[in-house]
Amino acid sequence: MLARACAQTHDPGIRYLRGNLERVRLQASSFDLVFSSLALHYVKNLGGLMSRVRRSLISGGSLVFSVEHPIYTAPSSPRWRTASGRRFWPLDGYLEEGPRSTDWLARGVIKQHRTMATYINMLLRLGFSISEVNEWGPTRSQRASQPGWADERKRPAFLLVAARR
Ligand SMILES: C[S@@+](CC[C@H](N)C(=O)[O-])C[C@H]1O[C@@H](n2cnc3c(N)ncnc32)[C@H](O)[C@@H]1O
């Protein structure tokens, strides 16, 4: 992904770095915006990372991120089921936070399940003010134009959050 980003965008103002989010060091009060797309549900010590992110933002700076939605990460076996002619998402273990092993692109990929309350309270306790929360699923018209998304309005796949320091 980094190689592709470097090849596509030659902006001298952009530095591409590869690092581990579990221990990345961020300079204090140095960013207007921290953005993350679908990566934070792999991070074990999310509280530690969010605390470092908050310190790295200027006052009034924004944090915007997406993660797989807690309803999506919770199940022990996250696959659509059919019973009595109805398709449903087998939600279980919602309140049991912690690792989930899934086979997606590779076998045994570990993600970290957290409840909605944990994400929200983590930000509030760190002193973020939450600007917007969105439980994303396709609109009806998007679903109509994408036959593969037939089930995607039965439960949200993604959680998107915007917050400010
Ligand atoms: C589902 S992909 C999302 C990729 C991209 N951000 C996007 O939205 O298309 C998850 C990404 O998180 C990265 N990731 C997972 N754990 C990480 C960690 N501890 N430190 C840094 N990156 C991590 C993976 O390498 C992968 O690139």
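Each helix, a run of at least 4 DSSP H residues, gives -39500 (n - 2.57); summed and divided by the residues of the chain, these come to -6000 deg cm²/dmol at 222 nm. Near Ala74, once Lys and Arg are set to +1 and Asp and Glu to -1 for all other residues with Cβ below 12 Å from its Cβ, the sum equals 0. Expressed to the nearest 5 percent, the antiparallel share of DSSP beta bridges inside the range 2-164 is 80 percent. Rg/Rh for the range 76-165 stands at 1.02; both radii use Cα atoms, and Rh follows the Kirkwood definition.
Based on the Stokes-Einstein relation at 4 °C and a viscosity of 1.567 mPa s, and on the Kirkwood radius from alpha carbon pairs, the chain is assigned a translational diffusion coefficient of 73 µm²/s. In a DSSP loop and with at most 11 other Cβ atoms within 10 Å, the chymotrypsin sites (Phe, Trp or Tyr not before Pro) in the range 1-63 are Tyr16. One Cα centroid belongs to the range 113-165, the other to the range 1-77; the line between them spans 17 Å. Calculate how steeply helix 46-56 sits against the longest principal axis of the alpha-carbon atoms of the chain, using the helix alpha-carbon long axis, and give the answer as 0 to 90 degrees to the nearest 10. The two axes meet at around 40 degrees. Taking only the C-alpha atoms of the range 1-95, Rg followed by Dmax gives 18.3, 58 Å.
Give me the number: length gained by fully extending Ala162 to Ser36, i.e. 0.36 nm times residue separation minus the C-alpha to C-alpha distance, one decimal in nm.
Contour length minus the Cα-Cα distance gives 44.3 nm.
Relative to the dominant Cα principal axis of the chain, helix 116-125 is inclined by about 20°.
Any read-out appearing in this document is the output of simple, stated calculations on the displayed coordinates, not a laboratory observation. No experiment lies behind these values; they were computed from the predicted model shown. All Cβ positions, even for glycine, are placed from backbone atoms using ideal geometry, and neighbour counts span all protein chains on display.
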